[in-house]
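Working notes, beginning with the structure itself.
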Amino acid sequence: MDTLKRRLLDFVIYFALWLLLTWSLDWQGVVVGAILAVLFALALSGLLPKGAERLFSPVRWFWAIMHLLSLLFWIIVANFDVLYRVLHPNLPIRPGIVKIKTTLKSDEAKAFLANSITLTPGTLTIDIIDDWLYIHWINVHESLEDAEAITRDIAGRFEVTLRRVFD
Amino acid sequence: MSSQIGLVPIILISTGVAFDLVGALGLIRLPDVYNRLQAATKCVTLGTFLVLIGVLVHSGWNAMGIKALLAAIFVLWTSPTGSHALARGAHIAGVRLWEGTVVDKYKEDTGR
């Protein structure tokens, strides 16, 4: 995708955001918004990562929505998990940092995987180095191999959808 | 927009506030930075998300509702990123893990 198209896409996104935030079609507001969107699109290059044409694929959007639904489910589970640990008198935690390897390729996919893992029960992504994710567990399993296998499963269930969205 | 608040927004907003409260309790009760970030990220993200969606349901598709929806999306997007940055920063700056911590692969691999 060439530079002009990317700038145009940036402009459309900034302008849409302006219209949504102001929520009025008064001509003065629209003109100011259009001017600002042009300035932003010119001054800040590269709102979107490389390969932005992926935005126009309905299949990817479908998988993005699937990912969001599974994420919402796991966020709710995560909250009851925290609720249990915080309110339990003995504070049942066994924290530690484990690492796992991801099979995702693109940077955006890895970033979304890290964010998704952070929002699921008991896990928080500390860092990504190449293909390795370092994850803080609030309750590490008794044996370390099991712990890494469990973490693998958690990453795996998001990789299924994220691969179809980004890679 | 009527001054009467419907049942659905009440349920959404009070559930959200309840989860925010649990997140705050977790901040006090859990032992170290990393565990506290866990509680803060998960509970406060869903809590704030539910409050904002409650505002959207209450006010409908107008200026306030749309702002609430956009804020909800941004919270969902940015709060895990923020907690990752805090946790990584704390680890690099040498903030110790709790004494009951069983394993730290990050330290083993990076030496930090």
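The values are calculated or read from the model by the stated rules, or taken from the named source; none is laboratory data. For clarity, every value in this text was computed on a predicted model and none was experimentally measured. Quick reminder, even Gly has a Cβ in these numbers, built from the backbone with ideal geometry, and neighbours come from all protein chains shown.
One line per residue, one yes/no per condition, for (1) touching a helix residue (DSSP H, G or I) at 6+ places or on another chain (Cβ under 7 Å); (2) in the same structural domain as A:N139 (by TED's automatic domain parsing); (3) not in a helix (DSSP H, G or I):
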| position | (1), (2), (3) |
| --- | --- |
| A:D10 | yes, no, no |
| A:A16 | no, no, no |
| A:L48 | yes, no, yes |
| A:F62 | no, yes, no |
| A:M66 | yes, yes, no |
| A:N79 | yes, yes, no |
| A:V82 | yes, yes, no |
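A:M66 meets all of the listed conditions (1) hydrophobic (A, V, I, L, M, F, W, C); (2) more than 16 Å from A:I138 (Cα to Cα); (3) in contact with a Ser or Thr (Cβ under 8 Å, 6 or more places away or on another chain); (4) surrounded by 18 or more Cβ atoms within 10 Å (Cβ to Cβ) but one, namely (4). Scanning the range A:129-153 for residues that are of a type in the set (A, V, I, L, M, F, W, C) and either under 17 Å from A:V82 (Cα atoms) or crowded, with 19+ Cβ neighbours inside 10 Å (or both) yields A:L133, A:I135, A:W137, A:I138, A:V140, A:A147. Please tell me if B:V8 is more than 9 Å from every other protein chain (Cβ to nearest Cβ), under 28 Å from B:G60 (Cβ atoms) and within 16 Å of the chain's Cα centre (by Cα). No; evaluated as a whole, the condition is false for this residue. Checking the stated criteria, A:D81 turns out not to satisfy the condition of being loosely packed, with under 12 Cβ neighbours inside 10 Å and charged (D, E, K, R).
For A:K99, are the conditions met, namely being among the charged types (D, E, K, R), buried (at least 18 other Cβ atoms within 10 Å of the Cβ) and within 25 Å of A:E148 (Cβ to Cβ)? For A:K99, the condition - among the charged types (D, E, K, R), buried (at least 18 other Cβ atoms within 10 Å of the Cβ) and within 25 Å of A:E148 (Cβ to Cβ) - is met. When B:A39, B:A72, B:A18 are checked against the criterion of being in contact with a helix residue (DSSP H, G or I) (Cβ under 6 Å, 6 or more places away or on another chain), at pLDDT 90 or above and part of a helix (DSSP H, G or I), B:A72 stands alone in meeting it. On inspection, A:K110 qualifies as farther than 26 Å from B:R96 by Cβ and not hydrophobic (A, V, I, L, M, F, W, C).
Here A:R152 fulfils each of the conditions (1) at pLDDT 85 or above; (2) more than 15 Å from the chain's Cα centre (by Cα) apart from (1).
In the range B:41-55, which residue that is more than 9 Å from chain A (Cβ to nearest Cβ) and crowded, with 21+ Cβ neighbours inside 10 Å is nearest to A:F80 (Cα to Cα)? Once the filter is applied, the top-ranked residue is B:V44. For the range B:75-112, the candidate set comprises residues that are outside any helix (DSSP H, G or I) and among the acidic types (D, E); within that set, the residue that is farthest from A:K101 (Cα to Cα) is B:E99. Within 12 Å of another protein chain (Cβ to nearest Cβ), assigned to a helix (DSSP H, G or I) and over 23 Å from B:R88 (Cβ atoms): does that describe A:F73? Judged against the criteria, A:F73 is a match. Could you say whether any residue in the range B:9-31 is over 21 Å from A:A78 (Cβ atoms), exposed (fewer than 15 other Cβ atoms within 10 Å of the Cβ) and touching a Gly at 6+ places or on another chain (Cβ under 8 Å)? Checked the range B:9-31: at least one residue is over 21 Å from A:A78 (Cβ atoms), exposed (fewer than 15 other Cβ atoms within 10 Å of the Cβ) and touching a Gly at 6+ places or on another chain (Cβ under 8 Å).
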